[in-house]
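Step one of this worksheet: look at the structure below.
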Amino acid sequence: MATIAILGTLDSKADEHTFVADRIRERGHQVVLIDVGTGGEPQVAPDFTRYDVAAVTSLDLAPLMERHDRGECVVAMSEAAPAFLSQLVEDGKIEGVISLGGGGGTAIGTAAMRALPIGFPKLMVSTVASGNTAHYVGTKDIVMVPSIVDVNGLNRISRMIFTRAAGAICGMVEAQVDSDSGKALIVASMFGNTTTCVNQAKAILEEAGYEVLVFHATGSGGQAMESLIESGMVAGVLDVTTTEWADEVVGGVLSAGPTRMDAMSQAKVPAIVAPGCVDMANFGARETVPDSFEDRTFYIHNPQVTLMRTSAEECAEIGRIIATKSNANSAPVVILNPLKAVSEINGEGQAFYDPDADKALFKAIHANAKVEVIDINETVNSPVFARACAEKLLELIKQST
């Protein structure tokens with residue numbers, strides 16, 4: 001029997017959350033009702049009141065409610081609920097969480113869920129669970145279920161959706177997960193143009209007894225990798241595909257944001273860093289590329305993805321950033337430069353061959369790096385470069401421990 005948290009705005013959606021609570025109890029599990037409403041009085045007695053939630057962050061909720069500014073209240077509760085729910089998880093008082101909501105309820109519920117560990121069961125039934133839900137899910141494994149009809153009373157549709165959702169969260173907490181392979185974790189960043197390198201390095205690292213998790217460097221992939229590194233679960237980082245910095249600098253569509261590469265420093269994890277695929281910034285279909293880039297070199301990866309060659313100036317800035325981020329890590333870090341090509345299409349005779357831009361990149365890395373920098377006269381996907389990355393990372397991990 002597990003205890004499942006039911007978090008919701010019980011001033012306006014008490015019947016709906018109570019219905020879900022009853023379905024969960026029918027499955028033999030316990031529930032704790034948590035009120036995060038900021039309007040009228042809760043329509044059902046919660047196990048934890050809105051004031052209990054607010055107290056965790058010393059939030060004085062009463063003045064906010066008196067001003068009747070719903071937006072202000074939702075923002076405040078979106079900051080308090082994550083801390084409150086995290087404390088329940090840390091204390092071992094709950095094994096899963098479910099919430100139902102419209103726009104405000106979804107903002108509060110998913111904010112709380114994003115604060116919880118990967119693998120912890122979390123389910124959000126929402127009126128906005130369609131289209132782009134990235135800002136609700138973030139880098140966490142939140143299951144979002146479209147409510148179909150508004151979360152406003154019980155009817156033949158909502159009863160069906162809520163019952164299935166209750167069954168889903170029960171199934172999630174009941175499932176036994178053996179996620180501990182006994183092997184230490186290494187994370188790696190990969191793009192289509194560095195796949196060969198990562199696969200070869202991965203084989204060497206696995207042979208050495210590590211489990212390697214590969215993340216696609218598409219913005220969200222880099223953010224997910226950063227989140228896992230930050231959790232403290234990772235023994236080493238093979239960040240050979242730092243291409244998301246090209247999108248951040250140039251304005252492409254696959255940026256992972258300005259905090260990319262910060263997690264290794266926060267968690268003090270040894271890392272191998274390479275400027276893989278920084279020769280390219282990503283855009284959508286060719287017609288979506290801003291007119292300001294019309295004089296640039298492009299490569300049509302597929303009808304939906306257009307790659308643009310980064311300039312010498314942009315490469316210099318990317319190199320500076322890579323070096324600066326690497327310098328911040330107090331754990332051992334080595335930057336490896338593949339001098340003959342940083343991607344599959346960057347070598348001599350390829351679409352993105354630009355010696356001047358590459359020279360600017362490597363020069364900036366050397367000029368700004370305080371960590372060790374190793375130049376290897378190979379392409380990023382050569383077996384020699386891949387082996388160098390893997391073996392150097394193993395050396396750094398051993399040195400770190």
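Readers should treat all values here as calculations from the given coordinates under stated rules, not as data from a laboratory. Source: prediction; values computed, not measured. For neighbour counting, all protein chains shown are included, and Cβ atoms are generated from backbone atoms with ideal geometry for every residue, glycine included.
How big is the dipole moment of the chain about its Cα centre under a simple scheme where the beta carbon of each Lys and Arg is +1, that of each Asp and Glu is -1, and everything else is neutral? Debye, nearest 20, please.
Details: 30 positive and 50 negative charges, 111 e Å.
My answer is approximately 540 debye.
Which value, in Å³ per residue, describes the convex hull spanned by the Cα atoms of the chain?
On the way: hull volume 65.6 nm³, N = 401.
Spelled out: Cα convex hull of the chain, divided by residues, is 164 Å³.
Using θ = phi - 60° and the Karplus relation 6.51 cos²θ - 1.76 cosθ + 1.60, list the HN-Hα couplings for the stretch 329-337 in order, rounded to whole Hz, with x at every Gly or Pro.
7, 7, 7, x, 9, 10, 9, 10, 9
How large is the translational diffusion coefficient of the stretch 223-321 in µm² per second when you combine the Kirkwood radius over alpha carbon pairs with Stokes-Einstein at 37 °C and 0.692 mPa s? If you can, show how the numbers build up before the last one.
Values: Rh = 14.4 Å.
Result for D is 229 µm²/s.
Where both partners of a DSSP beta bridge lie in the chain, what percent of those bridges are antiparallel, to the nearest 5?
Details: 9 of 51 bridges.
The antiparallel proportion sits near 20 percent.
Determine how many Å³ per residue the convex hull of the Cα atoms of the stretch 190-263 encloses. If you can, show how the numbers build up before the last one.
Details: hull volume 5.4 nm³, N = 74.
Expressed per residue, the convex hull around the Cα atoms of the stretch 190-263 is 73 Å³.
Could you line up V137, V273 from fewest to most neighbouring Cβ atoms inside 10 Å?
Numbers: V137 19, V273 28.
Fewest-to-most ranking of V137, V273: V137, V273.
Divide, for the stretch 3-174, the radius of gyration over alpha carbons by 2.2 N^0.38 Å, where N is the residue count. If you can, show how the numbers build up before the last one.
Working: Rg = 14.5 Å, N = 172, 2.2 N^0.38 = 15.6 Å.
Output field value: 0.93.
Hey, can you rank 49-59, 379-389 by average C-beta count inside 10 Å, highest first? Let's see the in-between values first.
Details: 49-59: 17.2, 379-389: 21.7.
My ranking of the peptides, most packed first, is 379-389, 49-59.
Note down the relative contact order for the stretch 260-333 as a percent, whole number, built from C-alpha pairs under 8 angstrom at least six residues apart. The partial results should precede the final answer.
Details: 81 pairs, mean separation 32.4, N = 74.
Once normalised by length, the contact order is 44 percent.
Over the stretch 32-91, what is the relative contact order in percent, taking alpha-carbon pairs closer than 8 angstrom and at least six residues apart? Write down the numbers at each step before the final one.
Details: 53 pairs, mean separation 19.8, N = 60.
The value is 33 percent.
Using 0.36 nm per residue of separation minus the Cα-Cα distance, give me the extension gain between A134 and A55 in nm, one decimal.
On the way: separation 79, 0.36 × 79 = 28.44 nm, distance 2.89 nm.
Once the chain is fully extended between A134 and A55, it gains 25.6 nm.
Across the stretch 387-400, in residue order, what do the Karplus-derived ³J(HN,Hα) couplings come to in whole Hz, using 6.51 cos²θ - 1.76 cosθ + 1.60 with θ = phi - 60° and x for Gly and Pro?
After applying 6.51 cos²θ - 1.76 cosθ + 1.60, I find 5, 4, 4, 5, 5, 5, 5, 4, 5, 5, 5, 4, 5, 6 Hz.
Nearest 5 percent is fine: what portion of the DSSP beta bridges confined to the stretch 3-174 is antiparallel? Don't jump to the answer; show the numbers that get you there.
On the way: 0 of 20 bridges.
Bridges in the stretch 3-174 are about 0 percent antiparallel.
Rounded to the nearest 0.05, what FRET efficiency do D295 and M233 have when you use their Cβ-Cβ distance and R0 = 41 Å? It would help to have the intermediate numbers written out before the result.
On the way: r = 45 Å, r/R0 = 1.11.
E(calc), rounded to 0.05, equals 0.35.
Cα centroids of the stretch 232-287 and the stretch 342-401: how far apart, whole angstrom?
14 Å
Please give the Cα centre distance for the stretch 9-24 versus the stretch 143-187, rounded to the nearest Å.
Computed from Cα coordinates, the inter-centre distance equals 16 Å.
Expressed in nm², what is the orientationally averaged projection area of the convex hull enclosing the Cα positions of the stretch 185-400? Walk me through the numbers before you get to the answer.
Values: hull surface 41.7 nm².
Its Cα hull, projected and averaged over all orientations, spans 10.4 nm².
Test of understanding: extend the Cα→C-beta vector of R286 to 7 Å, then name every residue of the stretch 292-324 with backbone N under 12 Å from that spot.
Flagged as within label range: 298-307.
Using unit Cβ charges (K, R positive; D, E negative) and no other charged atoms, how large, in debye to the nearest 20, is the dipole of the stretch 3-174 about its Cα centre? Provide the component values of the computation, followed by the final result.
Numbers: 14 positive and 20 negative charges, 125 e Å.
Dipole of the stretch 3-174, to the nearest 20 debye: 600 debye.
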